[in-house]
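Structure first, then comments.
The values are calculated or read from the model by the stated rules, or taken from the named source; none is laboratory data. Predicted, not measured: the structure shown is a model, and the values here were computed from it. We place every Cβ from the backbone using ideal geometry, glycine too, and count neighbours over all the protein chains shown.
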Amino acid sequence: MCYTISRFKLTAKEFLRKKNTKKEITKTMSLNSTPSADRVHIGIFDRRNAGKSSIINAITGQNLAIVSDVLGTTTDPVPKAMELLPLGPVVIIDTPGLDDIGELGELRVKKAYQILNKTDIAVLVIDASLGMTPEDLSILKKIQDKKIPYVVVKNKSDLCSSAENGAVCPNLDSMSDASFHIDASNSIEVSTVTGYHVHELKKLIASQAPEEDQDKYLVRDLLNPNDFVVLVVPIDSAAPKGRLILPQQQTIRDVLEAGAISIVTRDTELKETLSSLGKKPQDTALRQTLEQLGKKPCMVITDSQVFAKAAADTPSDIPLTSFSILLSRYKGNLKLQVEGAQMLDKLEDGDKILVCEGCTHHRQCDDIGTVKLPRWIRQHTGNKDLHFEFTSGTEFPVDLSPYKLIIHCGGCTLNEREMQYRLKCAEDQGVPITNYGTAIAHLKGVLERSLIPVRGSLE
């Protein structure tokens, strides 16, 4: 069923908010911007009025966060994608105060804690004149438990007695919990009023950045220079107008990084494209390129929703896989998700299935997650009475016990830490989890074939 969006009269304020949101979305979609999922995520945490917003503005050199003496100015986590030297592309996440009160305040604090699941570097801002509070201690313990690199910023050092001239603020270790220790190398005194240690803070944050795994690639490590890959990209009612989705963009870039060649075609032209390769074409748009190639592709990578057709049209001697499977291999746990796909054969009447998407894209009439997958699963199980629930964006249930199976998207908009967190939650609670690519490949009977190119990741 298709839906139309009603037209509402907007106030000037609402119009500007929607306009700015559109600008942010456009910026995120830019082909020239580093995707948010590939940026280092820096979560900034504090009690209300400890100076978190001032710290954000100081390290970025921009007025990104609203600075106010009013408690609770920041009410929701606010991500900002930007360049932060010497670190590079980052996402800075401004969070609500950890000591917020009331029913709404509790919800805000819960949201702040959720941000830890995607935080690569945590920055805890405390009021240097007060020292560590119970709220500061609570979140710092969680940060350490999750093994997140962190920095403790003792802000407002100018309020201490001549802090900048050698005197120190209250000792962070002088607290009731003697077993708790803060490494001195992870903390720094700062004043956003005078600029004291702001530059040093930026260097300290950068030093906490996780080392990149140089052996992890989307597809580059499966290719050799001058190989060519056929990418199958369906253009249907669900395809975004005027652009390719992020996994397709990233795969093209990774193919280029390998010194290989990508050919992009629709599923409706895949058979013709493959038949044209390896021989002199007659009247095709790829004439000159194909004449130079003169060999069969080393791999076909398809959108998962056309797996069946791609498998039928791709000769058996050409390796076949999907964007979603490659993403699982890149930032997830492919072995765990392949094992999870086996639960599709064991579903019974009344079972609940959770379908999760990392983004909040506009749902189309034949949406893959909410329409196609449930339909295919019901067909696979003989139309058993299955119950589907759906989440998108940052929402992910803490309690997964009601579900017999979780099916997650490839997670192109989620950073690796959050994707790993979700997989670990499912694994710890004993709930099978798979992703779109492995699930659809299993449903269409091509899972074993689709895993051949990535077999090494299953060992």
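Please find, among ALA209, ALA163, the residue that is modelled with pLDDT under 85 and not aromatic (Phe, Trp, Tyr). Talk me through it step by step, then tell me what you get.
Details: ALA209 fails: modelled with pLDDT under 85.
One residue alone meets the criteria, ALA163.
Only one of (1) touching a strand residue (DSSP E or B) at 6+ places or on another chain (Cβ under 8 Å); (2) closer than 18 Å to ILE55 by Cα fails for LYS118. Which number is that?
Unmet for LYS118, out of (1) touching a strand residue (DSSP E or B) at 6+ places or on another chain (Cβ under 8 Å); (2) closer than 18 Å to ILE55 by Cα: (2).
Could you tell me how many of the residues in the range 443-452 are over 24 Å from the mean Cα position of the chain (by Cα) and closer than 15 Å to SER328 by Cα? Break it down stepwise before answering.
Residues of the range 443-452 over 24 Å from the mean Cα position of the chain (by Cα): 443-449, 452.
The next check asks that each one be closer than 15 Å to SER328 by Cα; those that pass are 447, 452.
Residues that pass the stated criteria total 2.
Looking at the range 367-395 only, could you name the residues that are among the hydrophobic types (A, V, I, L, M, F, W, C), touching a residue at least 60 places away in the same chain (Cβ under 8 Å) and more than 16 Å from ASP345 (Cα to Cα)?
Pass one, the range 367-395, residues among the hydrophobic types (A, V, I, L, M, F, W, C): 368, 371, 373, 376-377, 386, 388, 390.
From the residues that got through so far, the ones that are touching a residue at least 60 places away in the same chain (Cβ under 8 Å) too are 368, 373, 376-377.
Residue satisfying the conditions is ILE368 alone.
So which residues in the range 383-423 are part of a strand (DSSP E or B) and of a type in the set (Val, Ile, Thr)? Talk me through it step by step, then tell me what you get.
Filtering the range 383-423 down to residues part of a strand (DSSP E or B) leaves 387-392, 405-408.
Of everything in the range 383-423, those that are part of a strand (DSSP E or B) and of a type in the set (Val, Ile, Thr) turn out to be THR391, ILE406, ILE407.
Going through the range 437-459 one residue at a time, which ones are modelled with pLDDT of 95 or more and either among the hydroxyl-bearing types (Ser, Thr, Tyr) or part of a loop (DSSP other than H, G, I, E, B) (or both)?
Once the filter is applied, which keeps residues that are modelled with pLDDT of 95 or more and either among the hydroxyl-bearing types (Ser, Thr, Tyr) or part of a loop (DSSP other than H, G, I, E, B) (or both), the range 437-459 yields THR438, LYS444, GLY445, VAL446, SER450.
Yes or no: the range 394-406 includes at least one residue that is touching a helix residue (DSSP H, G or I) at 6+ places or on another chain (Cβ under 9 Å), at pLDDT below 95 and either more than 30 Å from ALA209 (Cβ to Cβ) or assigned by TED's automatic domain parsing to the domain that holds THR302 (or both).
Checked the range 394-406: at least one residue is touching a helix residue (DSSP H, G or I) at 6+ places or on another chain (Cβ under 9 Å), at pLDDT below 95 and either more than 30 Å from ALA209 (Cβ to Cβ) or assigned by TED's automatic domain parsing to the domain that holds THR302 (or both).
Suppose the filter is at pLDDT 85 or above and either assigned by TED's automatic domain parsing to the domain that holds ASN49 or aromatic (Phe, Trp, Tyr) (or both); does ASN155 pass it? Outline the logic, then answer.
On the way: at pLDDT 85 or above: yes; either assigned by TED's automatic domain parsing to the domain that holds ASN49 or aromatic (Phe, Trp, Tyr) (or both): yes.
Yes; evaluated as a whole, the condition is true for this residue.
Looking at the range 95-111, which of the residues that are touching a residue at least 40 places away in the same chain (Cβ under 8 Å) and surrounded by fewer than 24 Cβ atoms within 10 Å (Cβ to Cβ) is farthest from VAL151 (Cα to Cα)?
ASP100
Residue check: is ILE353 in contact (Cβ under 8 Å) with a residue 40 or more places away in the chain, outside any helix (DSSP H, G or I), closer than 30 Å to ALA81 by Cβ and touching a Leu at 6+ places or on another chain (Cβ under 8 Å)? Working first, answer last.
Working: in contact (Cβ under 8 Å) with a residue 40 or more places away in the chain: yes; outside any helix (DSSP H, G or I): yes; closer than 30 Å to ALA81 by Cβ: no; touching a Leu at 6+ places or on another chain (Cβ under 8 Å): yes.
Judged against the criteria, ILE353 is not a match.
Looking at (1) out of contact with any Asp or Glu (no Cβ under 7 Å at 6 or more places or on another chain); (2) over 12 Å from ILE42 (Cα atoms); (3) modelled with pLDDT of 90 or more; (4) not in a helix (DSSP H, G or I), find the lone condition where ILE143 falls short.
With (1) out of contact with any Asp or Glu (no Cβ under 7 Å at 6 or more places or on another chain); (2) over 12 Å from ILE42 (Cα atoms); (3) modelled with pLDDT of 90 or more; (4) not in a helix (DSSP H, G or I) applied to ILE143, the lone miss is (4).
Is it the case that THR314 is more than 22 Å from LYS404 (Cα to Cα), polar (S, T, N, Q) and touching a Leu at 6+ places or on another chain (Cβ under 7 Å)? Spell out how you get there, then give the answer.
Working: more than 22 Å from LYS404 (Cα to Cα): yes; polar (S, T, N, Q): yes; touching a Leu at 6+ places or on another chain (Cβ under 7 Å): yes.
When the stated conditions are applied, THR314 passes them.
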